[in-house]
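Data first, discussion second: the structure below is written as structure tokens.
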Amino acid sequence: MLNSKMLKQFNKAYEDDALKAAVYGASPVGLVVLLYEGAIKAINQAGYAIESQRYDEKARLVSKTIDIIDGLRESLDLQQGSEAAGNLNDLYIYMKQRLSIANLKNDLEILAEVRRLLETILPAWQELNRSGMATGAASNAY
């Protein structure tokens with residue numbers, strides 16, 4: 001589950017040494033939680049950048065979010081043919097498309113939409129992480 005693509009994507013998205021230490025000590029499900037939290041944080045920061053008319057920073061933050069979502073998507077195990085993995089794949093593609101539009105149009109509503117999608121799914125991953133369950137739905141998706 002914890003593959004080199006995920007780690008490369010995370011390293012690309014994050015520069016903080018303390019965070020990197022948390023990443024390397026995280027379970028695969030814990031890493032997914034960190035990626036979701038990082039994507040939500042970057043979306044929030046992109047929204048503030050739009051409000052402040054700092055469009056270069058907004059573009060960087062939206063790109064960072066897309067990179068995180070790419071990392072999540074690339075780590076899905078679609079070969080197992082699980083419905084969960086297929087649904088997540090479709091959702092990640094949709095989020096990337098919406099983020100691209102938000103980036104072009106400086107659209108806060110679209111950023112909020114993608115943030116809500118991530119925030120809707122995040123609690124399930126957090127619960128899996130808390131319970132130590134890296135099997136079942138999680139292993140069928142990643």
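Looking at segment 59-77, is at least one residue touching a residue at least 60 places away in the same chain (Cβ under 8 Å), out of contact with any His (no Cβ under 7 Å at 6 or more places or on another chain) and polar (S, T, N, Q)?
yes
Go through segment 1-108 and tell me which helices (runs of 4 or more DSSP H), entirely inside it, have 2 or more residues that are surrounded by 14 or more Cβ atoms within 10 Å (Cβ to Cβ), modelled with pLDDT of 95 or more and more than 16 Å from the chain's Cα centre (by Cα).
Because the criterion is at least 2 residues that are surrounded by 14 or more Cβ atoms within 10 Å (Cβ to Cβ), modelled with pLDDT of 95 or more and more than 16 Å from the chain's Cα centre (by Cα), the helices (runs of 4 or more DSSP H) in segment 1-108 that meet it are 28-51, 55-74, 83-105.
Suppose we keep only residues that are in a loop (DSSP other than H, G, I, E, B) and small (Gly, Ala, Ser) within segment 109-142. Which one would you say is modelled with the lowest pLDDT?
Pass one, segment 109-142, residues in a loop (DSSP other than H, G, I, E, B): 132-136, 142.
Now narrow it down to the ones that are small (Gly, Ala, Ser): 132, 134, 136.
Numbers: GLY132: 78, ALA134: 53, GLY136: 49.
That would be GLY136.
Within segment 25-45, can you find the residues that are of a type in the set (Val, Ile, Thr) and more than 12 Å from LEU118 (Cα to Cα)?
As a first pass, look at segment 25-45 and keep what is of a type in the set (Val, Ile, Thr): 29, 32-33, 40, 43.
VAL29, the sole residue that qualifies.
Would you be able to tell me the number of residues in segment 25-58 that are closer than 18 Å to THR120 by Cβ and of a type in the set (A, V, I, L, M)?
In the first step, residues of segment 25-58 are kept if they are closer than 18 Å to THR120 by Cβ; the result is 29, 32-44, 47.
So of that shortlist, the ones also of a type in the set (A, V, I, L, M) come out as 29, 32-35, 39-40, 42-43.
Counting residues in segment 25-58 that are closer than 18 Å to THR120 by Cβ and of a type in the set (A, V, I, L, M) gives 9.
The values are calculated or read from the model by the stated rules, or taken from the named source; none is laboratory data. Bear in mind that the values here come from a model prediction, so they are computed numbers and not experimental data. In this analysis, Cβ positions are derived from the backbone assuming ideal geometry, glycine residues included, and neighbour counts consider all displayed protein chains.
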